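Reading through the structure tokens given below for one structure.
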Amino acid sequence: MTAMGLLDHIPYTRLAPAHRPWPRAAVADEGWQTAIDRLAEGTLTLLGFWGEPAAVHMALLDEAAAEIAVVSYDCGSGSFPSVAVRHPPALRLERAIHDLFGLVPTGAADLRPWLDHHVWERPFPLGSRGARQTAAYAFLPAEGEGLHQVAVGPVHAGTIEPGHFRFTVNGEYVVRLEQWLGYTHKGVESLMRGANLEAAAKLANRTSGDSAVAYAFAFARAAEAALQVEAPPRATHLRALMAELERLANHFGDIGAICNDASFALMHAQTGVLRERTLRAADAAFGHRLMMDLVVPGGVTRDIAPEGIAAIRALFVEVRKVFPRLIELYDNTASLQDRTVTAGTVKAEYARRFGAGGYVGRASGRNFDARRTLAYAPYDGLSFEVPVLQAGDVDARVWIRIREVEQSVALIEQILHRLAPGEIRIALPAGRGECEGMALAEAFRGDVLVWLRLDGEKRVQRCHLRDASWFQWPLLEAAIEDNIIADFPLCNKSFNCAYSGVDL
Amino acid sequence: MTALRDFLLQGAQMLLVLLLAPLLTGFVRKVKARLLRRRGPPLLQPYRDLVRLMRKDVVLAHNASWLFRVIPYLMFAGTWVAASLVPTFGSGLLFSWTADLIAIIALLGSARFFQALAGMDVGTAFGGIGSSREVMIATLAEPAILMTVFSVAMIAGSTQLSYVAEFMGSDAVGLRVSLGMAFVALIIVALAENARIPVDNPATHLELTMVHEAMVLEYSGRHLALVDLSSQLKLLLYVSLIACVFLPWGAAPAEVGPERLAFGALLYLGKLTVFGFLLALFETSIAKMRVFRIPDFLGAALMLALLATLLRFVSGGM
């Protein structure tokens, strides 16, 4: 086991026998508290936090050593020591665990529901225990002279996903923002229970439509890790090709949409064309614009069409021609720069503490990219750069996207160049008893974590999908403070956090 | 006979502005869409929208006061009268001699005052935000436009628009620095007053960034139609005002025949087209500014207008 180093410092009782590729250790109170200590002091980063009917699991990352380990705490008594009370990034995940399983974090300062809006048929759908009180949701108070509240959403004037934003403002200045999500809760983790791998892969695909490939990629790798198989090289290359096409399409869309929120519609129109061309190239290559249900455990279901390769090459000719001009336009439009530079700054300290992935983290100095830090196939054999900036403002998040577009184009060209003939899918072995797998994949927003346990029949017993946005949304609350409320849409778009991905 | 002719001409002018206003808005939208490589809505879409809204039921907040229901009519009336006072195809209209630039500004100011009240009437957060922003803009835009009027009036020797227009069209004016400054100031004010980029975005769907749209969010049906028509009239008014003061050539003077009037009307349409195109071009090439930059922007207009007036005083004829 490579990651024993991380567990050397955490007292544990036993290792899970079939958890791959990183170790999972059962811990008692002492080990759990040590893990929280190390999270709170910043030597470890919280990578994920999820529950089961009678246990909770925390995935920990040692960034310096690129080591990962999972610690599990047995909740036979229906409670576990709260993590969030000492390490705030865990708060929403902890509240979600309480909502889904009814496990009580002891010592928690905040036990308000998160996913549960009191409209479910029964509380604690994945747990067994009974009733809960249905009080009205209490927003955190902000007091002072001249303060008033502005409630935005969940229904917005534009066609976007639902979320509620409660601002406390002093005139135009935002004093506090509190988000309340959960409106797109669809019970993914309940549906996963007992699903066979094929159905589960489809569910993973649909967790967040804009990251369909990334979720499927992470899910497939987790399942392959659990079953101890590896996808053939051609399949991993095709997966990466799809993942990079998805990243390209989303980054094109985002760059334009951010500018559009500063009322600079010209950029939006131009990048909209590029995004559409990318989606059409994906359609030509794989028969689906969003490339859904193509990445499955064992490989991919469909090989790239020859005309798809031509379409991608044609796309790149256009990108090479148009995109530099758009970057120049962005950089040289003073009125636009005036909006994006210094707006919505995320402190590097926050990005590190929350383990913010994707452009949010990398724009604030956090050098983490699952493709590089945890180098999975085929990225371990490809050369690319991970752009990192320090400014942490809207402008930096735009620039990270611009640089990533360039890297994705280069990556796809490498992949097309190296794509060797071969099989694209292997048959999965018969189930060999209970096994667990875990994987991360870099979606356009940041790292997606998938953890699953399969039974002897290769059915999913428990699967947890953690979007990068769990650790990005809270930073948006911090970034908007001392900004004016009219700048919120711009900051929000530069984060472009997932709703569907975190509402599960 | 003259009285009847004046009456008819004035009536034609009032109808003309009412009919042209949605077309101008539709034209600007169309050009903007084209500049963004989109096809854009048909030119006549604003008319269709108005008809559709007129047919729809009004949905009122349960705590809306009588003022909320009356205000669309007040706004529309004020803006329409103001728009029909500005000479378009010809000067020397019946009403022109009864009202001047200051009256037009007062009419628009009243319309804005009522609109801001309506924004706060229902008590939603967005209405309040919109009203407070609108009033912040108004406190700077109104002095700026008044100073512009003063500088122009001092050169022309009158605040009567018809007189100003005829004077500006004559050879007595020539090129003047103070007029140039007043021209720029008026354009800045016009952008702010009509909720255009960079001050406001007429096409936005972002509740938190709206100014004008936030104030009228609660309106529906015929009320919304009137509010929209008022905004369209206001845009037409400002374009006509700029055209009539700074580009008065071709407008028919008083007491001329129908062919001269027709020529004036044709030229007026040409001016609207040019201004509409320039507006769309400008809006496409610039991002919206931060809310707290707006005072700087309008402050520039105020300073320019003030300088124009001062220059006129100091030089006595520049």
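The values are calculated or read from the model by the stated rules, or taken from the named source; none is laboratory data. Note that the structure is predicted; figures quoted are calculated from it, not measured. Cβ placement follows ideal geometry from the backbone for every residue including glycine, while neighbour counts extend to all protein chains displayed.
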For segment A:376-399, what are the residues that are acidic (Asp, Glu), crowded, with 16+ Cβ neighbours inside 10 Å and not in a loop (DSSP other than H, G, I, E, B)? A:Asp395
Going by what's in this entry, would B:Ser151 be described as part of a loop (DSSP other than H, G, I, E, B) and either touching a Cys at 6+ places or on another chain (Cβ under 9 Å) or in contact (Cβ under 8 Å) with a residue 24 or more places away in the chain (or both)? no
Tell me whether segment A:134-154 contains one or more residues that are more than 27 Å from A:Phe488 (Cα to Cα), more than 14 Å from chain B (Cβ to nearest Cβ) and surrounded by 14 or more Cβ atoms within 10 Å (Cβ to Cβ). no
Out of all the residues in segment A:368-375, is one or more in the same structural domain as A:Ala240 (by TED's automatic domain parsing), without any contact (Cβ under 8 Å) to a residue 12 or more places away in the chain, in a helix (DSSP H, G or I) and surrounded by fewer than 24 Cβ atoms within 10 Å (Cβ to Cβ)? no
Looking only at segment B:272-315, and only at residues there that are small (Gly, Ala, Ser) and assigned to a helix (DSSP H, G or I), the one that is farthest from the chain's Cα centre (by Cα): B:Ser315
Only unsatisfied item for A:Gly299, checking (1) away from chain B (no Cβ under 14 Å); (2) under 16 Å from A:Gly209 (Cα atoms), is (2)
Check whether at least one residue in segment A:258-271 is away from chain B (no Cβ under 14 Å) and without any contact (Cβ under 8 Å) to a residue 40 or more places away in the chain, and report yes or no. no
Would a scan of segment A:311-323 turn up a residue that is in contact with a His (Cβ under 9 Å, 6 or more places away or on another chain), crowded, with 20+ Cβ neighbours inside 10 Å and more than 14 Å from chain B (Cβ to nearest Cβ)? no
Every listed condition ((1) surrounded by fewer than 22 Cβ atoms within 10 Å (Cβ to Cβ); (2) assigned to a helix (DSSP H, G or I)) holds for A:Tyr359 save (1)
Just to be sure before I move on: is B:Arg38 without any contact (Cβ under 8 Å) to a residue 24 or more places away in the chain, out of contact with any Lys or Arg (no Cβ under 6 Å at 6 or more places or on another chain) and within 14 Å of chain A (Cβ to nearest Cβ) in the structure I sent? yes
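Any idea which residue in segment A:294-310 is farthest from A:Gly431 (Cα to Cα), counting only those that are of a type outside the set (A, V, I, L, M) and exposed (fewer than 14 other Cβ atoms within 10 Å of the Cβ)?
A:Glu307
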Looking only at segment B:246-260, which residues are over 12 Å from B:Glu166 (Cβ atoms) and within 23 Å of the chain's Cα centre (by Cα)? B:Phe246, B:Leu247, B:Gly250
Just wondering, is there one or more residues in segment A:341-355 that are touching a helix residue (DSSP H, G or I) at 6+ places or on another chain (Cβ under 6 Å), surrounded by 15 or more Cβ atoms within 10 Å (Cβ to Cβ) and either on the phi > 0 side of the Ramachandran plot or among the basic types (Lys, Arg) (or both)? yes
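For residues that are crowded, with 22+ Cβ neighbours inside 10 Å and touching a Phe, Trp or Tyr at 6+ places or on another chain (Cβ under 7 Å), scanning just segment A:260-293, find the one that is farthest from B:Val291 (Cα to Cα).
A:Thr278
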Can you tell which of B:Gly276, B:Gly264 is at pLDDT 95 or above and surrounded by 16 or more Cβ atoms within 10 Å (Cβ to Cβ)? B:Gly276
Output the number of residues of segment B:260-287 satisfying the condition of being within 23 Å of B:Leu237 (Cα to Cα) and in contact with a Ser or Thr (Cβ under 7 Å, 6 or more places away or on another chain). 1
Checked against (1) more than 14 Å from every other protein chain (Cβ to nearest Cβ); (2) more than 24 Å from the chain's Cα centre (by Cα); (3) closer than 25 Å to A:Asp395 by Cα, A:Arg234 satisfies every condition except (3)
Considering residues of segment A:447-496 that are basic (Lys, Arg) and within 21 Å of the chain's Cα centre (by Cα) only, the residue nearest to the other protein chains (Cβ to nearest Cβ): A:Lys493
I need the full set of residues from segment B:194-208 which are more than 7 Å from every other protein chain (Cβ to nearest Cβ) and closer than 17 Å to B:Gly40 by Cα, in order please. B:Pro202, B:Ala203
Do the conditions hold for B:Met136, that is, is it within 14 Å of another protein chain (Cβ to nearest Cβ), in contact (Cβ under 8 Å) with a residue 60 or more places away in the chain, surrounded by fewer than 24 Cβ atoms within 10 Å (Cβ to Cβ) and in a helix (DSSP H, G or I)? yes
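Take the conditions among the basic types (Lys, Arg), crowded, with 17+ Cβ neighbours inside 10 Å, more than 14 Å from chain B (Cβ to nearest Cβ) and touching a residue at least 12 places away in the same chain (Cβ under 8 Å) and apply them to A:Arg221. Does it pass?
Criteria met by A:Arg221.
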Quick one: which helices (runs of 4 or more DSSP H) sit completely within segment B:1-105 and have at least 1 residues that are among the aromatic types (Phe, Trp, Tyr) and buried (at least 20 other Cβ atoms within 10 Å of the Cβ)? B:2-35, B:66-85
Can you run down the residue pairs with Cβ atoms below 7 Å, 6 or more apart or on separate chains, where the first is in segment A:119-130 and more than 16 Å from A:Ser77 (Cβ to Cβ) and the partner is of a type in the set (Ser, Thr, Tyr)? A:Pro125/A:Ser190; A:Leu126/A:Ser190
Within the set of pairs 6 or more residues apart or between chains, which connect a residue that is touching a residue at least 60 places away in the same chain (Cβ under 8 Å) inside segment A:40-55 to a residue that is of a type in the set (Val, Ile, Thr) and buried (at least 23 other Cβ atoms within 10 Å of the Cβ) with Cβ atoms less than 6 Å apart? A:Gly51/A:Ile97
If you check B:Phe263 against the conditions, is it within 14 Å of another protein chain (Cβ to nearest Cβ), without any contact (Cβ under 8 Å) to a residue 40 or more places away in the chain and out of contact with any strand residue (DSSP E or B) (no Cβ under 6 Å at 6 or more places or on another chain)? no
Please note which helices (runs of 4 or more DSSP H) are completely contained in segment A:455-504 and include at least 2 residues that are out of contact with any Asp or Glu (no Cβ under 7 Å at 6 or more places or on another chain) and either over 14 Å from A:Asp261 (Cα atoms) or of a type in the set (Ser, Thr, Tyr) (or both). A:473-480
Scan segment B:190-224 residue by residue and report those that are more than 17 Å from the chain's Cα centre (by Cα), assigned to a helix (DSSP H, G or I) and not charged (D, E, K, R). B:Leu208, B:Thr209, B:Ala214, B:Met215, B:Gly221, B:His223, B:Leu224
Filter segment A:287-309 down to residues that are under 24 Å from the mean Cα position of the chain (by Cα) and in a helix (DSSP H, G or I), then give me how many there are. 0
